[in-house]
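Below you'll find the structure, written out as structure tokens, and then a few comments.
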Amino acid sequence: MTMLEHHIDEVVTLLAGARRVAVLTGAGISAESGVPTFRGQDGLWKHYRAESLATPEAFERDPALVWEWYEWRRGLIASVEPNAGHRVLAGWEDAFEEFAVITQNVDGLHDKAGSRTVVELHGNIWKLRCTREGTVEEIRETPLPHLPPICPSCGALRRPHVVWFGEALDPAVLGRAAEISRAGQVMVVLGTSGLVHPAASLPYAAARAGAKIVEVNVEPTPLTPQADHFLPGKAGEILPALDRRLREARAA
Ligand SMILES: [Zn+2]
């Protein structure tokens, strides 16, 4: 038995005995589906840095430019499909008494895969928010008929419902994520760099509350030394393997 198989065995035992499971996902699981990172891109936007467009200052200065960039991103993401990892997580919703996905991703791929309990820490690129009233609406149509989009009820600009550089996370969303993290008996951390706070602190909160931490990543992160199990590899490969073994363990 390889080291990886040994760890997978132990994680399956953990999961088979758990009633409350939380999952934290980051850019890695989206990248496996082909969602671009939108940094260091070629082409149309090569002279812009994400950090110079995804900010409240950029939007104030030139909302049309920021919206054009978001439309380009929405257009690219529209054609992307969830991968096997997303699909396993959608299925796990019915495999545990309590199950939730907390994600740093804004692409909506967990939704698209069928997950119902998803906490989107950084918002969702398919949602628009009125800058005056704060009302949020999901509009999957791309390109949008008018740029920049205007709120139909009050006429103010609408912005992408995402958290920009320099902005704080919605405290209610973060509070819910922290609550889910602390309640879980196991937290599976997938494809995160372990560097983006406050998301990166959630596994530590979970561990302090007694959860076992399972990390799945192509390479080690700052979290790895603290994780109870590190499974090196892609979410789209490791999760289906875990899922298959979990079903076998439960059938036995
Ligand atoms: Zn409005």
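Just so it is clear, none of the values below were taken in a lab; they were calculated from the coordinates. A quick note: this is a predicted structure, and the numbers were derived from the prediction, not measured. Quick reminder, even Gly has a Cβ in these numbers, built from the backbone with ideal geometry, and neighbours come from all protein chains shown.
Assuming a ≥ b ≥ c are the square roots of the Cα gyration tensor eigenvalues, decide whether region 159-222 counts as rounded (a/c under 1.5), prolate (otherwise, with a/b larger than b/c) or oblate. Present the calculation step by step, with values, prior to reporting the outcome.
Values: a/c = 2.45, a/b = 1.34, b/c = 1.83.
Here region 159-222 falls in the oblate category.
Its residue count N sets the reference 2.2 N^0.38 Å, and the alpha-carbon radius of gyration of region 1-106 equals 1.46 times that reference. A dipole drawn for the chain from +1 and -1 charges on Cβ atoms has a positive end, and of Val118, Gly34, Ala156 the residue lying farthest that way is Ala156.
Along its principal axes, the chain has C-alpha extents of 59, 36, 30 angstrom, given from the largest down.
By per-residue mean of other Cβ atoms within 10 Å, what is the highest-first order of 60-66, 139-145? Could you put the intermediate results ahead of the total?
Values: 60-66: 14.4, 139-145: 11.9.
Per-residue mean Cβ counts within 10 Å order the peptides as 60-66, 139-145.
If I require 15 Å or longer along the helix axis, counting alpha carbons, and a Kyte-Doolittle average no lower than -1.0, what helices from the chain are left? Use full DSSP H segments.
Details: long enough: 3-16 (20 Å, 0.74); 63-78 (22 Å, -0.13); 171-183 (18 Å, 0.34); 235-251 (23 Å, -0.44).
Going by DSSP H runs, the hits are 3-16, 63-78, 171-183, 235-251.
Identify all lysines with a Cα-Cα distance to Lys234 below 24 Å; exclude those on the same chain that are fewer than 8 residues away in sequence. Partners found: Lys112, Lys212.
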